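What follows is a single structure, written as structure tokens, with notes after it.
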Amino acid sequence: MNSGERLTFSKSLMLLPMLIILAMFFISVFTLFSSAFVDRGGFSLKYFQQIIDRPDYHIVFYRTVLSSITVAILAVLFSYPIALLLWRANKWRNLLLIVVLVPWLVSLVVRTYGWIVLLGPKGFINAFLGWLGVIDEPVKLMFNDTGIIIGLTHVLVPFAVISILSSLLSIEENLEEASRVLGASGFQTFRNIVLPLSLPGVFTALMVLYLASVGAIVTPLLLGGITEKFVGSQIYQEVMATYNMSKAAAWSICLLSLSFVSLVIIKMIERRALRGQE
Amino acid sequence: MRTMSPLSRTLGIVFLLALPLPIFIVFGASFNGSAYIQFPPESYSLRWYIEAFTDPRWARAVGTSLWIAAVTSVVVTTISFMAAYFTLRYAPRINTMLELAIFSPLFFPHACMGVAAVALMAKLGIVGTPGAIILAHVIVTVPFSYRPVHVALRSVDPDLIRAAEVMGASELRALKDIILPICRSGILTSLLFTGIISFDEVTVTMFLIGPEITTLPVQIFTFIQDDASPVLAAISTISVIITFLAIVLLERVAGLTFFVQRSGS
Amino acid sequence: MTTTLNPSVSDVQNVTGSIDIASVSKSYGDTEVLSNVNLSIPAGNFLTLLGPSGCGKTTLLRLIAGFIEPTKGKIAIDGRDMNGVPTQKRPIGMVFQNLALFPHFSVAENVAYGLKLRKTPAAEMQQRVDRFIDLVGLNGMGDRRIAQLSGGQKQRVALARSLVLEPSILLLDEPLSALDMQLRKQLQIALKDIQQKLKTTFVFVTHDQEEATMISDTVVVMSNGHVQQVGAPQDIYASPETLFVSKFIGELNEIPARVTDTGPQLSIDTAAGQFTLPASAARGFAPRAGDAAVICLRPEQLKVLPAGANVTGQTTLNATVISRLVIGPLTRVSLRVGETDMIAVMMTDADTAPLPSGSACKVSFNPDHARLFAPLSDDMASAFGEHA
């Protein structure tokens, strides 16, 4: 629509509610920063110092980042064949899409609970293996990194499917046909045409998945237990158990900075991978 | 032309079927007669459903989550619609800036959002009230509401509203008679999508509950930590059914293409 | 609320619908898209705003509609100042370039929408909707969906929808530009008919000069935000006041020239030879010796004669025939005169000398017909890159 259309003050009030909501978000971020850097009324780096001084805290960060990288890559690997399947399934796409959307939109807690029922010491898998007589003692599938990675990967695959599928659907149909006409095999066509053109979706997925994973609280808390901590579980504990808002804020800011650095790195890799595609 | 190698097709089908697996396990467990998971189950019963329906705490949590989802989706869709309409018609130049601001919460890890939200709500003195939860849900769902509404509005011929105005309609009347019916599917997508997100939100919400109020997912979370009674399986199944119905409704009234459309950028 | 704004035409026929545009300018930031436009449109006139894209014609229409406000100046309808009056309260109808039909309404619902807003009683509404659907020639199609209609039918719905409200002014923004030639011709005639029946003031925007000269009472030629000339189509064709207007309306031969003397008569030097023109030939500028200029002649003002012919009272130049095309009663001759290609059009008759391609000939014209203009500025010339 053309700019400069008749505009009155009362009409510009339409934008106001949105501005208030955005302001609330930015004020909340500002409050987060101010509570992390303030101690007894003055500027202080005390809470950051505490994090830097504790090697066990460093491990929490390492674990979070390494697990999240693993989760993001695993989820993309699992979701790619699903996305391809949905892409090819013209007629059935809507039905299959519901099979992807339901697990995506069902509450995180419920999906994680499903994995507890599956992986727990008295869970489905252990009960099944016990019934088969393969094991005497329950296998420890939960309360360790494996549990967290399994749970988070499963939780995040649906989003990756949707992201990659969007990219695949934007590939022009005749590109593939052109490639086949020029004599490329099915695999060559996939390797040279489909895969490169779906990379934007893959990178969006990697980025969002990584962010969702480093910021996760529920899944690490429930599947990782008390010892195998994620940054998210530590933050939750600081707020809900020790009521130390400032420390939680400092943790959040470290996490935030970490994710921004990671985002920049992923973006750089993406630019390199997509060079010449613009 | 549209073929797939048998290997990738098989992988696709297996992985796809694995997605709802935990949900089916929960579903199966909810009919288990004993107090812990057994394989094969020794008995089947509806006792956990009876417990879920008779315990007032669950009924209350389901009710709270439903009305908070309803209020959130209506509020956030209204806000997004007004902002998108205003920007497209009167201030197209601020659109880039506005979208940047609207989508920026997406780049915040959820844990940080939770702490930021509780910091803000504590300052406003409303932690533990429905207001805090709704405000947080609105902030979290704004990007998911703005996009479908903006896409729908953008595809409407701007002359339609001018035509209605030339014929004597006030702007409000033209919006009601012309623009709303045409943008119906975008608006319904926003309403249902944000409703579902709000109904199932847990990571931010769990910082904001209080003795007076809790939502269904947060209460499930609290119960899992305390004791893993199979009543949770029944309650989770109910929550899945509500979400599932909302998605099917969305498919009926607006279609699912929105989810797999590439955004304009 | 707005019923009183559109008094039924039958009571007060032909007295409402005049538009006065006084010193109107419109700028976006530093860009002035309309500058100092003055225009008086009498009630009942079929007026066309004609010009290449970007000339400001659509902006002027949108100003009259009230979608935008002038930066300077004022617009009055029937003597009433429209500044600050919102679109809804102006006695206008509008047909949009892309028609803007409501896709979720049927034909009849589209036509009835404005009446519904005015809370017209159901019986009267039904009767008026039917009458206007008939008027535009869509009898019996009231129940069709918009998507089921052809391009021409959609045009007619858009017209009926605006006219049913009996506005004193109808604004039309290039409504025919998307149609093919034949349909366009039909609808031009239909528009003209309807306008004469209703005596509504029509303000019609187009970039097609043929369309403009065919249907309008008055043509306003615009370029670069300025009104170049206002007049009846035949007057503008016969005596254009600027080179831009001459080029834009009708076919034109242009001979680049230099003025060598301004004596009592203008002495002209061209690549095809030297001759004199009466001082009255110069339009819109006062030539001085040494000025560059352009001589303009319409194709029908040229006569082609055998090389040996003798003419008096006419200016004669040597030329070469390039080709000759007989189109029924008319003959079109392409010529090379000096360094310029020219076209001459004359009646095909026995007197026309047989002029084979490549033969030398003479081209003559009455010096009183020639017009002398200053050359186009660069930005004006660029307008013809698209619409020459």
For segment A:193-207, check the following and say yes or no: at least one residue is without any contact (Cβ under 8 Å) to a residue 12 or more places away in the chain and at the interface with another protein chain (Cβ under 9 Å from one of its Cβ atoms). no
Which residues, taken from segment B:11-37, are facing another protein chain (nearest Cβ under 7 Å), open to solvent by 60 Å² or more (accessible area, probe 1.4 Å) and hydrophobic (A, V, I, L, M, F, W, C)? B:LEU11, B:ILE13
When you go through C:VAL203, C:VAL230 one by one, which is the residue that is assigned by the TED database to the domain that holds C:GLU166, open to solvent by 60 Å² or more (accessible area, probe 1.4 Å) and at pLDDT 90 or above? C:VAL230
Expected single match for farther than 22 Å from C:TYR113 by Cβ, touching a residue at least 24 places away in the same chain (Cβ under 8 Å), in a loop (DSSP other than H, G, I, E, B) and of a type in the set (Ser, Thr, Tyr) among B:THR203, B:THR141, B:THR194, B:THR189 is B:THR203
Would you mind finding the one in B:ALA117, B:ALA136, B:ALA132 that is in a helix (DSSP H, G or I) and within 8 Å of chain A (Cβ to nearest Cβ)? B:ALA117
If I ask for residues that are in a helix (DSSP H, G or I), over 21 Å from A:VAL71 (Cα atoms) and either of a type in the set (A, V, I, L, M, F, W, C) or touching a strand residue (DSSP E or B) at 6+ places or on another chain (Cβ under 6 Å) (or both), which ones from segment A:135-189 would you list? A:LEU168, A:LEU169, A:LEU175, A:ALA178, A:VAL181, A:PHE187
How about segment C:77-110: which of its residues are crowded, with 20+ Cβ neighbours inside 10 Å and aliphatic (A, V, I, L, M)? C:ILE77, C:MET82, C:ILE92, C:MET94, C:VAL95, C:LEU99, C:ALA100, C:LEU101, C:VAL107, C:ALA108
Run C:VAL321 past the list (1) open to solvent by less than 40 Å² (accessible area, probe 1.4 Å); (2) of a type in the set (Val, Ile, Thr); (3) within 25 Å of C:PHE373 (Cα to Cα) and report the number of the one that doesn't hold. (3)
Which residue is nearest to A:MET207 (Cα to Cα), if the candidates are limited to segment A:36-47 and must be open to solvent by less than 30 Å² (accessible area, probe 1.4 Å) and part of a helix (DSSP H, G or I)? A:ALA36
Any residue at all in segment B:177-199 that's under 14 Å from A:VAL110 (Cβ atoms), more than 9 Å from every other protein chain (Cβ to nearest Cβ) and open to solvent by 30 Å² or more (accessible area, probe 1.4 Å)? no
So which residues in segment A:195-227 are of a type in the set (Ser, Thr, Tyr) and within 28 Å of A:SER179 (Cα to Cα), if there are any at all? A:SER198, A:THR204
Residues of segment B:54-92 being open to solvent by less than 50 Å² (accessible area, probe 1.4 Å), among the hydroxyl-bearing types (Ser, Thr, Tyr) and more than 13 Å from chain A (Cβ to nearest Cβ), which ones? B:THR64, B:SER73
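Residues are listed down the side, and each one gets a yes or a no for (1) at the interface with another protein chain (Cβ under 10 Å from one of its Cβ atoms); (2) in contact with a helix residue (DSSP H, G or I) (Cβ under 9 Å, 6 or more places away or on another chain); (3) without any contact (Cβ under 8 Å) to a residue 12 or more places away in the chain; (4) charged (D, E, K, R):
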| residue | (1), (2), (3), (4) |
| --- | --- |
| A:GLY225 | no, yes, no, no |
| A:GLU228 | no, yes, no, yes |
| A:GLN234 | yes, yes, no, no |
| A:ALA241 | no, no, yes, no |
| A:ILE253 | yes, yes, no, no |
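The values are calculated or read from the model by the stated rules, or taken from the named source; none is laboratory data. Every value quoted in this text rests on a predicted model; they were computed, and no experiment measured them. Note that we place each Cβ from the backbone using ideal geometry, even for glycine, and neighbour counts take in every protein chain shown. Accessible surface is based on the protein model in full, side chains and every heavy atom, while ligands, DNA and RNA are left aside. Shrake-Rupley method; radii C 1.70, N 1.55, O 1.52, S 1.80 Å.
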